[in-house]
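Participant: There's a structure below that I have some questions on.
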Amino acid sequence: MTHAILNGSLSRAKQNKQDEFYTQIKDIEQELKHYKKHFQGKVVFCNCDDPEWSNFWKYFELNFDHLGLKKLISTHYEDDKPSYKLEIIGDVTGDGKVDYKDIIKTPLKQNGDFRSPEAVEILKEADIVVTNPPFSLFREYVAQLMEYNKKFIIIGNQNAYTYKEIFTLIQQNKIWSGNKSGDMEFKVPDYYEPRATRYRQDETGQKWRSMGNICWFTNLDISKRHESLILYKQYNQEEYPKYDKYDAINVNKVSDIPIDFEGVMGVPITFIDKYNPEQFEILNCNDYRINESVPIKAHGLVKDKDSAINGKPTYARILIKKRS
Ligand SMILES: C[S@@+](CC[C@H](N)C(=O)[O-])C[C@H]1O[C@@H](n2cnc3c(N)ncnc32)[C@H](O)[C@@H]1O
């Protein structure tokens, strides 16, 4: 059923987009099991999901009672024509269980774009937004969630850690990374033309695309956020040199953060996956420039040529400090 619906409803313009890939239910289950306590009595909105195709919708439909949801809403996105929304508000058929028979389908006047006034009205009603939004609109997508003060669990790319807007929100402890990060494999539509090497077709003909730097973003509390990194390395000047332009030492691996260094350290951006705000503080690089001649960086990270040590640039780093 799903293939027919997908092929039938996609326009040519949409087919060219690389944003069409679909999250597996096992990945959704693995992440969402850590948030169970947050869902009781809540309205969940999947606003970048074809409800007849998305496993986010499926997960919440199957777990509606188990999670104690109040309402589940999903809007379907069309490029250029009016769309529809699906809702579950409980056991409307009265057959003793919540399932697909309880789905209420309502046409939309607009196309289901998450920014459309109709979708924004639904957003206002929602408590928690859960989806895998188009990565090409990620900044705008997160900005809208913040504007409407929504709780969320969404999939993104770790590159987003270095976007000025996203890094600032992470630094301010307004959003953080969820539990899993790294490789994730997504279903891609039949029309998908493989450009990347990380692509396979299985024995049933289903096409899959794997991505290596996927992570979850949330602003709901999870126990991982309270787990401290276990540190064991001792600081020494040779292994932890200072940057040329910042008053901070460089640490090449998150697991190498020295246990006995109380100053400012530059660490790989994947530190964000391990960040416990009770253990560390994330800093803005502009506050640690060695002098005024070092340019102010809007993004707040140690990056590009300004990350150099003895003239040789390192990878992007974020500055952190232990909490005392
Ligand atoms: C990465 S896919 C993920 C789909 C689904 N959430 C999942 O994880 O299986 C992003 C989805 O967002 C939809 N989309 C693209 N632009 C959108 C927009 N402006 N508003 C709402 N949805 C959009 C796409 O059609 C696509 O299905």
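Participant: Within the stretch 291-300, can one find any residue that is surrounded by 14 or more Cβ atoms within 10 Å (Cβ to Cβ) and outside any loop (DSSP other than H, G, I, E, B)?
Facilitator: No: zero hits.
Table: residues versus (1) hydrophobic (A, V, I, L, M, F, W, C); (2) assigned by TED's automatic domain parsing to the domain that holds Pro241; (3) modelled with pLDDT of 95 or more.
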site	(1), (2), (3)
Glu281	no, yes, yes
Ala298	yes, yes, no
Thr314	no, yes, no
Arg317	no, yes, yes
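Participant: Need a quick list: helices (runs of 4 or more DSSP H) entirely within the stretch 64-182 having at least 3 residues that are closer than 26 Å to Glu20 by Cβ.
Facilitator: Result: 117-125, 138-147.
Participant: To continue, here is another question. Within the bounds of the stretch 198-209, is there any residue that is within 16 Å of the ligand (Cβ to nearest atom) and either at pLDDT 95 or above or not assigned by TED's automatic domain parsing to the domain that holds Asn47 (or both)? Quick ask: steps written out before the conclusion?
Facilitator: Of all residues in the stretch 198-209, those within 16 Å of the ligand (Cβ to nearest atom) come to 198-199, 206-209.
Applying the additional criterion that residues be either at pLDDT 95 or above or not assigned by TED's automatic domain parsing to the domain that holds Asn47 (or both) yields none.
So far as the stretch 198-209 goes, no, none of its residues is within 16 Å of the ligand (Cβ to nearest atom) and either at pLDDT 95 or above or not assigned by TED's automatic domain parsing to the domain that holds Asn47 (or both).
Participant: Still on this structure: What tally of residues in the stretch 189-210 results from selecting those that are touching a strand residue (DSSP E or B) at 6+ places or on another chain (Cβ under 6 Å) and either assigned to a loop (DSSP other than H, G, I, E, B) or within 27 Å of Ile170 (Cα to Cα) (or both)?
Facilitator: 3
Participant: Okay, moving on. Any residue in the stretch 136-147 that is more than 16 Å from the ligand (Cβ to nearest atom) and in contact with a helix residue (DSSP H, G or I) (Cβ under 8 Å, 6 or more places away or on another chain)?
Facilitator: Scanning the stretch 136-147, I find at least one residue that is more than 16 Å from the ligand (Cβ to nearest atom) and in contact with a helix residue (DSSP H, G or I) (Cβ under 8 Å, 6 or more places away or on another chain), so the answer is yes.
Participant: Between residues in the stretch 121-139 that are among the hydroxyl-bearing types (Ser, Thr, Tyr) and residues that are buried (at least 21 other Cβ atoms within 10 Å of the Cβ) and part of a helix (DSSP H, G or I), which pairs lie under 6 Å by C-beta distance while being six or more apart or on different chains?
Facilitator: These pairs meet every condition: Thr131/Phe56.
Participant: Restricting to the stretch 65-92, count the residues that are aliphatic (A, V, I, L, M) and touching a Pro at 6+ places or on another chain (Cβ under 6 Å).
Facilitator: Initially, the stretch 65-92 is screened for residues aliphatic (A, V, I, L, M), giving 67, 69, 72-73, 86, 88-89, 92.
Now narrow it down to the ones that are touching a Pro at 6+ places or on another chain (Cβ under 6 Å): 86.
Qualifying residue count, the stretch 65-92: 1.
Participant: Name the residue that is nearest to the ligand (Cβ to nearest atom), counting only residues in the stretch 20-56 that are free of Cβ contacts under 8 Å to residues at least 60 places away in the same chain and within 17 Å of Glu125 (Cβ to Cβ).
Facilitator: Out of the qualifying residues, it is Pro51.
The values are calculated or read from the model by the stated rules, or taken from the named source; none is laboratory data. Computed from a predicted model, the values in this text were never measured in an experiment. Here the Cβ is made from the backbone with ideal geometry for all residues, glycine too, and neighbour counts use every protein chain on show.
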